[in-house]
């Protein structure tokens, strides 16, 4: 089937993992991430062709943020210009998508996974163990559309959590975190099954997510579930002195 294109997924990603604020400034989209991580704080081009990089640098430094740019597939010229200025690549990301109905299970085991909003304390604790801090949880609360948290158990023990939000007919899952001792035990699959059921109940046609290219386990998992890589992005960073 014809999936939404990569530009549509970039838009859905921004809607379901939003910055604290965004302003268009001399050819750039400048994001105030509010502590929500790279995706919510990186600058992106708001025009065709490369805008003045120094303008974006000053704007990010004024916000107390690192000089960080998101490089989308159409940003080849910007990528080269930043490399020439000493910016390093960080966190290459692959975007995945599939029809949501392909992920919906025939049966979800009782008391092994839940869709719940607002996040429970145990969910926040699991996120914290993986480095997902209070600022990123605050970001989840900023999402305007339908959203939910996900919790999965291993037998009687809470073991994994994630965040799911809709942008139109696209459901996007973020902040997937499984406790170290429960990885590769099926917890992530329980999260994905619950995500697909919730997304179906809320009218989604597609399920999408992003994962770093070096996370081999996650990439193998999503591909084994029939999700297809549809595009990518990466960041260029020059850390502040």
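Can you pull out the residues in the stretch 209-229 that are surrounded by fewer than 17 Cβ atoms within 10 Å (Cβ to Cβ), over 11 Å from residue 94 (Cβ atoms) and free of Cβ contacts under 8 Å to residues at least 40 places away in the same chain?
The answer is 216, 217, 220, 224.
What number of residues within the stretch 128-137 are crowded, with 17+ Cβ neighbours inside 10 Å and either in contact with a strand residue (DSSP E or B) (Cβ under 7 Å, 6 or more places away or on another chain) or farther than 14 Å from residue 174 by Cα (or both)?
Within the stretch 128-137, residues that are crowded, with 17+ Cβ neighbours inside 10 Å and either in contact with a strand residue (DSSP E or B) (Cβ under 7 Å, 6 or more places away or on another chain) or farther than 14 Å from residue 174 by Cα (or both) number 2.
Let me spell it out: the conditions are (1) surrounded by fewer than 14 Cβ atoms within 10 Å (Cβ to Cβ); (2) touching a residue at least 12 places away in the same chain (Cβ under 8 Å); (3) more than 23 Å from residue 171 (Cβ to Cβ), and residue 125 meets all of them except one. Which number is the exception?
(2)
Do the conditions hold for residue 203, that is, is it surrounded by fewer than 19 Cβ atoms within 10 Å (Cβ to Cβ), over 24 Å from residue 159 (Cβ atoms) and over 19 Å from the mean Cα position of the chain (by Cα)?
Considered against the rule, which asks whether it is surrounded by fewer than 19 Cβ atoms within 10 Å (Cβ to Cβ), over 24 Å from residue 159 (Cβ atoms) and over 19 Å from the mean Cα position of the chain (by Cα), residue 203 comes out as yes.
Show the residue pairs that are 6+ apart or on different chains and have beta-carbon atoms under 7 Å apart, the first residue being within the stretch 7-18 and outside any helix (DSSP H, G or I), the second being surrounded by fewer than 21 Cβ atoms within 10 Å (Cβ to Cβ).
The qualifying pairs are 18/142; 18/143.
Can you name the residue in the stretch 163-180 that is touching a strand residue (DSSP E or B) at 6+ places or on another chain (Cβ under 9 Å) and over 18 Å from residue 9 (Cβ atoms) and, of all such residues, is surrounded by the fewest Cβ atoms within 10 Å (Cβ to Cβ)?
Step by step, filter the stretch 163-180, then rank; the result is 179.
If I ask for residues that are more than 17 Å from residue 71 (Cβ to Cβ) and touching a helix residue (DSSP H, G or I) at 6+ places or on another chain (Cβ under 7 Å), which ones from the stretch 34-55 would you list?
Matches in the stretch 34-55: 34, 35, 36.
Under 22 Å from residue 239 (Cα atoms) and within 14 Å of the chain's Cα centre (by Cα) - does that describe any residue in the stretch 41-48?
Yes: one or more hits.
Quick one: residue 80 ticks every box in (1) out of contact with any strand residue (DSSP E or B) (no Cβ under 8 Å at 6 or more places or on another chain); (2) under 30 Å from residue 151 (Cβ atoms) bar one, so which box is it?
Checking residue 80 against (1) out of contact with any strand residue (DSSP E or B) (no Cβ under 8 Å at 6 or more places or on another chain); (2) under 30 Å from residue 151 (Cβ atoms), the one that fails is (2).
FYI, it's all coordinate maths here, none of it is from the lab. Just so you know, these numbers come straight off a predicted model, no measurement behind them. Reconstructed Cβ throughout: ideal geometry from the backbone, glycine too, with neighbour counts over all protein chains shown.
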